[in-house]
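Here is the structure we will look at, set down as structure tokens.
The values are calculated or read from the model by the stated rules, or taken from the named source; none is laboratory data. Note that the structure is predicted; figures quoted are calculated from it, not measured. So basically every Cβ, Gly included, is an ideal-geometry build from the backbone, and we count neighbours across all protein chains shown.
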Ligand SMILES: [Zn+2]
């Protein structure tokens, strides 16, 4: 390992609610997160009084209400990482440092929302004041009808297709792989609704090149995980899932998507070499990857930013079942944001832990020992964690 | 199309530099912020110059010409203010001076969009997001034409 003296953190507990799309559901963001949190704490073999740190997701619930409801009376660390969908893995990176510094012993990271039965994601972005770089979006994006994540990222995908010959079928291969994995996952919202490339090609165009089936789904649900020191984790008697290294970074400029000198440079491009360097592992050692798949091209883009292939080669990388179970590098074995649920990337962390514990049943990657998880948020913030079976 | 869902100017008002930028557009001029200390262009406008930290700016005219760097064609509006406009193109134009600007096209069917196509600015009033005169782009007359090489 690259820095053997460093104290590593372990993920010792995971919890998820049922993921669903029921219009009549009476879910609240807080209620869903509390349910997932209680499951995660219990899964860790801990009690509420052991949790002394909490890192909630920006805008979905605050630390005070979470710990008050859970009855956590020993909290001494509370912080929120504001990187949109990159926050869960970004929080994990910060939690590992906080644990190493002794500022907390057991940190709860919850997130989730009633994004189907409550205000839809698409409604939350109607007000530019809620967006990263909100004044910029208000003044220079919205007047031209450039109002939603699907449209912001579509221009990157379009340019990538032009510069590198990335094909429509490459985007489709991502959508099809995610849907295929979801068929093996009892908690996936798209289980029982298989999809072929022909289905994908026939789906309606929303923001070229993005069709409806290029887009993540809006769902109700929450997930949580508990992180502690390796020493403590060993006492708990659970299978060890160790954070070998984690990092996060922002692109420049972070608040404006079109004026980056290279439009394809995102935060992950700098976070990934840092994490792989500190972990002392090679890409070839990975058994799986969980990649934040808000839209199909973003998964291809992050394959490149992770360094799994060169810039421009992400399209061919996803061809021929390479990212499917049984392929060279299975990606998002749970079905991802595209076909399991949109739990702001929390579900990617949970699935990685499950793979490393060997608890994935029909979708288990044989002998999974090392995996990578990414987060993508706002206008290209990136986060990455390399996890290993201990 | 009548914009039943246009958003009133009084609801929109800029908290940044938008009012200054659009005041120039209303006079038929495309001007971007340029740093008086290091002479770098800066779009979108900022408080301090990201290149040298100066706060000494001039709104300097640009030629208004550039090329189509990328785009998306919106077939389903995600904001109600634009539902009457679909399909419409959101384009990113790389200006000859360097900065890129988000805009839209006039007199250009969506099938005619081509990467690297030369374009020039025109000004068009819109009430979709506030009531503003916007810089939009049209194909440069007599500009070269060629098929985009990206597979679609
Ligand atoms: Zn300057």
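Taken over the range A:362-390, the residue count meeting the criterion of being modelled with pLDDT of 95 or more and surrounded by fewer than 24 Cβ atoms within 10 Å (Cβ to Cβ) is 11. Residues that are more than 21 Å from residue A:40 (Cβ to Cβ) and either part of a strand (DSSP E or B) or touching a helix residue (DSSP H, G or I) at 6+ places or on another chain (Cβ under 7 Å) (or both) occur in the range A:328-336; there is at least one.
Has the range B:22-33 got any residue that is touching a helix residue (DSSP H, G or I) at 6+ places or on another chain (Cβ under 9 Å), more than 16 Å from the ligand (Cβ to nearest atom) and part of a helix (DSSP H, G or I)? Yes - at least one qualifying residue is present in the range B:22-33. Within the range B:40-62, the only residue that satisfies the criterion of being within 11 Å of the ligand (Cβ to nearest atom), assigned to a loop (DSSP other than H, G, I, E, B) and within 22 Å of residue B:120 (Cα to Cα) is B:40. Condition first: on the phi < 0 side of the Ramachandran plot and touching a helix residue (DSSP H, G or I) at 6+ places or on another chain (Cβ under 6 Å). Can you find one or more residues in the range A:350-359 that meet it? No, every residue in the range A:350-359 fails to be on the phi < 0 side of the Ramachandran plot and touching a helix residue (DSSP H, G or I) at 6+ places or on another chain (Cβ under 6 Å). Of all residues in the range B:33-52, those that are within 20 Å of residue B:102 (Cβ to Cβ) have Cβ atoms under 6 Å from Cβ atoms of residues that are assigned to a loop (DSSP other than H, G, I, E, B) and near the ligand (Cβ under 10 Å from one of its atoms), 6 or more apart or on another chain, in B:40/B:51.
On the given criteria, is residue B:37 more than 12 Å from chain A (Cβ to nearest Cβ), within 16 Å of the ligand (Cβ to nearest atom) and surrounded by fewer than 18 Cβ atoms within 10 Å (Cβ to Cβ)? So residue B:37 fits the description; yes.
Answer yes or no: is there a residue in the range B:51-62 that is out of contact with any strand residue (DSSP E or B) (no Cβ under 6 Å at 6 or more places or on another chain), more than 8 Å from chain A (Cβ to nearest Cβ) and within 30 Å of residue A:212 (Cα to Cα).
no
Scanning the range B:21-34 for residues that are within 14 Å of chain A (Cβ to nearest Cβ) and over 28 Å from residue B:108 (Cα atoms) gives a single hit, B:33. The single residue among B:114, B:124 that is assigned to a loop (DSSP other than H, G, I, E, B), modelled with pLDDT of 95 or more and out of contact with any helix residue (DSSP H, G or I) (no Cβ under 8 Å at 6 or more places or on another chain) turns out to be B:114.
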